[in-house]
Every structure is written in structure tokens, then in C-alpha cells.
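What follows is a single structure, written as C-alpha cells, with notes after it.
The values are calculated or read from the model by the stated rules, or taken from the named source; none is laboratory data. Just so it is clear, the structure is predicted and the values come from calculations on it, not from any experiment. With ideal geometry, Cβ positions are generated from the backbone for all residues, glycine too; neighbour counts draw on all protein chains shown.
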Amino acid sequence: MSDPAVEIRGVRKSYGSLDVLHGVDLVVEPGEVVCLIGPSGSGKSTLLRCINHLEKIQGGMILVDGELVGYRRSGPDLVETTHRETCRARRHIGMVFQSFNLFHHLTVLQNLVEAPIHVQGTAKGEALAHARAMLERVGLADKHANYPAQLSGGQQQRVAIARALCMRPKLMLFDEPTSALDPELVGEVLEVLRDLAGQAMTMLVVTHEIGFARQVADRVVFMDQGRIVEQGPAGQVLDAPGHERTRRFLDRVG
Ligand code: ADP
Ligand code: MG
């Protein structure tokens, strides 16, 4: 049996006195596509950020590919990893945010090779070749010399996805990747996600695109007020939810 891609056990997270995650358990298997849905403020972004150790957790544990994130065992205790160790653990996790977060002073191709060359130490020629392949994969091979400001929002988000893929991630985290886009640009980004899902990438996607979740997700997880309320196959959770809170949420967004 291989390790789960992500294993979240009893995770608690608070910001000061505000408790945001109240003991979350979630397992994602390799190659699985999980869509995470739920009302604004329910803790979806926080959970993704914890998986990437952009946030410290106050309880429980998170393993990615069988390795603890942010902590290592020291006898019976867990101690925080150093910044360097955390960066190393994070290298195989790609994250795409609602706001595309590209480097605006760099061209598309420079955006893509920046981390492979300077963080991973990949040789320049190899990084460039891989970057061109990833750009091709998101349908933007012809935009390699453009600056982000010269691209539409949908194109910028596709570049952000290509940039994450350039790190050869084993896991991709998407936080509402289409929420900042004009409606007519949503489809082209979802198409890239659909393509990635079809190629067995392990993906955890926070989204309000219920139609996309229904089509692409192996599993849908509904979160509310810092807890997972229910999860299951997309058809089950979206079309026959077992909980009143899930039904109310779906009535509002659907
Ligand atoms: P979602 O992504 O589901 O909308 P978030 O994870 O962004 O929810 O937020 C969950 C809760 O945590 C909200 O009440 C939010 O205000 C709070 N929160 C998020 N980030 C921070 C932060 N950096 N500092 C303090 N509170 C935060
Ligand atoms: Mg959010």
C-alpha cells in the first residue's frame, strides 16, 4: 500500500483567540481529485495553507506523501522543522491562488523558470525546455515572451498553473482558481484543471464551480464553520446531500 498523498488528522488551527479549524480529518489518495466546497469563512483556504505549511497548526498532524509537514518526530514529541526543511518539504506541492500572483517584472517564460533554476537548482537549458512543455500544456506556448500585464486574467491563471507544474509537483492545491475571473474566462482555466485531472495529478481544489466539481471530482468535501460536515462521491454530496447545511449551501450557490 502506498502512503496517502495527503493525510490530515485532527487538525486544529486558530488565529489568536479565533478558532478556525476544529479538528479536521481528511485523506486524499494519489491520483485523486477532491473538490472542497463550503461557505465563505468556513476555513477552506486555511486548510490548504496548513497543508503547505504556510500556516502553523495548533493540534493534530498533516502528512504529505507519508512525511510530516512542518514538524518532525523527536522521541514522543513533534518539533517544528527549520525553514530550510520546510521549504524542501514544500517543493513538491504546487499551489495556485485566486489572484494569480505572477512576477510582473518577468516574462511568462522567466516566471516559469525562476523557481526551478533558483530554488531547485535545475540546469537552465533543462528548466527552459520543461517550461516550454508546461506552457504548451496550458495552451500558451505562443505567449512565452509576454509580460503578465499583456495577458487576460484567464491566461495569467493558466501561466500560474504552468509555473506550479514546472516544480514537478506530486500534489496540486487550488484555492478558488477561477473566482477572480470574468465569467467568460472561467471555462479555459477549468479546462486546464480537467486536463490535469485526466492525467492522474493529485488535486485538492477549493471551488464554487459546482458543475466542475460534479464532472471532475472523485470526491466532494463540504466544510462549514471549521469542520468537515460531509464528504463522498460528487453525485452523492451534490445531488443527494445528507446534511441540511450542505443542502442550504448548494441551494445558495447552485
Ligand atoms: P474560506 O477560505 O473558507 O473562506 P478562510 O480559511 O479564509 O475561509 O477563513 C476562515 C476564518 O479564519 C475566517 O473567519 C477568517 O476571517 C479567519 N482568518 C483567515 N486568515 C486569517 C488571518 N491571517 N488572521 C486572522 N484570521 C484569519
Ligand atoms: Mg478562501
The number of residues in segment 129-149 that are surrounded by fewer than 17 Cβ atoms within 10 Å (Cβ to Cβ) and touching a residue at least 24 places away in the same chain (Cβ under 8 Å) is 5
Task: Residue match in segment 81-97 (condition: of a type in the set (A, V, I, L, M), without any contact (Cβ under 8 Å) to a residue 60 or more places away in the chain, surrounded by 14 or more Cβ atoms within 10 Å (Cβ to Cβ) and more than 16 Å from ligand 2 (Cβ to nearest atom)) - done: yes
Over segment 201-220, the set of residues aliphatic (A, V, I, L, M) and either over 18 Å from Pro233 (Cβ atoms) or free of Cβ contacts under 8 Å to residues at least 12 places away in the same chain (or both) is Met201, Val206
Out of all the residues in segment 9-25, is one or more more than 16 Å from ligand 2 (Cβ to nearest atom) and touching a His at 6+ places or on another chain (Cβ under 8 Å)?
-> yes
Those residues of segment 197-209 which are more than 26 Å from Ser40 (Cα to Cα) and aliphatic (A, V, I, L, M) amount to Ala200, Met201
Within segment 208-254, the residues that are within 16 Å of ligand 2 (Cβ to nearest atom), in a loop (DSSP other than H, G, I, E, B) and either of a type in the set (A, V, I, L, M) or under 19 Å from Val96 (Cβ atoms) (or both) are His208, Glu209
Checking Leu250, Leu238, Leu204 in turn, the sole residue that is more than 18 Å from the chain's Cα centre (by Cα) and under 18 Å from Val33 (Cα atoms) turns out to be Leu238
When every residue in segment 164-182 that is surrounded by fewer than 18 Cβ atoms within 10 Å (Cβ to Cβ) and in contact (Cβ under 8 Å) with a residue 60 or more places away in the chain is compared, the one nearest to ligand 2 (Cβ to nearest atom) is Ser179
For segment 100-119, pairs from a residue that is charged (D, E, K, R) to a residue that is surrounded by fewer than 19 Cβ atoms within 10 Å (Cβ to Cβ) and not in a helix (DSSP H, G or I), with Cβ under 9 Å and 6 or more apart or across chains, are Glu114/Phe103; Glu114/Leu106
Taking Leu196 as the residue in question, decide whether it is part of a helix (DSSP H, G or I), without any contact (Cβ under 8 Å) to a residue 60 or more places away in the chain and not charged (D, E, K, R). yes
Taking segment 23-80 and keeping only residues that are among the charged types (D, E, K, R) and either within 16 Å of ligand 1 (Cβ to nearest atom) or at pLDDT below 95 (or both), one is left with Lys44, Arg49, Glu55, Lys56, Asp65, Glu67, Arg72, Arg73, Asp77, Glu80
When segment 12-33 is checked residue by residue, the ones that are outside any loop (DSSP other than H, G, I, E, B) and either touching an Asp or Glu at 6+ places or on another chain (Cβ under 8 Å) or under 25 Å from Gly211 (Cβ atoms) (or both) are Arg12, Lys13, Leu26, Val27, Val28, Val33
With criteria (1) more than 29 Å from Lys44 (Cα to Cα); (2) surrounded by fewer than 17 Cβ atoms within 10 Å (Cβ to Cβ); (3) free of Cβ contacts under 8 Å to residues at least 12 places away in the same chain, Thr122 comes up short on (2)
Before we move on, is Val205 within 20 Å of Val138 (Cα to Cα) and either part of a loop (DSSP other than H, G, I, E, B) or touching a strand residue (DSSP E or B) at 6+ places or on another chain (Cβ under 7 Å) (or both)? yes
Cβ pairs under 8 Å, 6+ apart or interchain, first in segment 1-22 and surrounded by fewer than 18 Cβ atoms within 10 Å (Cβ to Cβ) and at pLDDT below 95, second outside any strand (DSSP E or B) and not small (Gly, Ala, Ser), ordered by first then second residue, are Ser2/Pro30; Asp3/Asp65
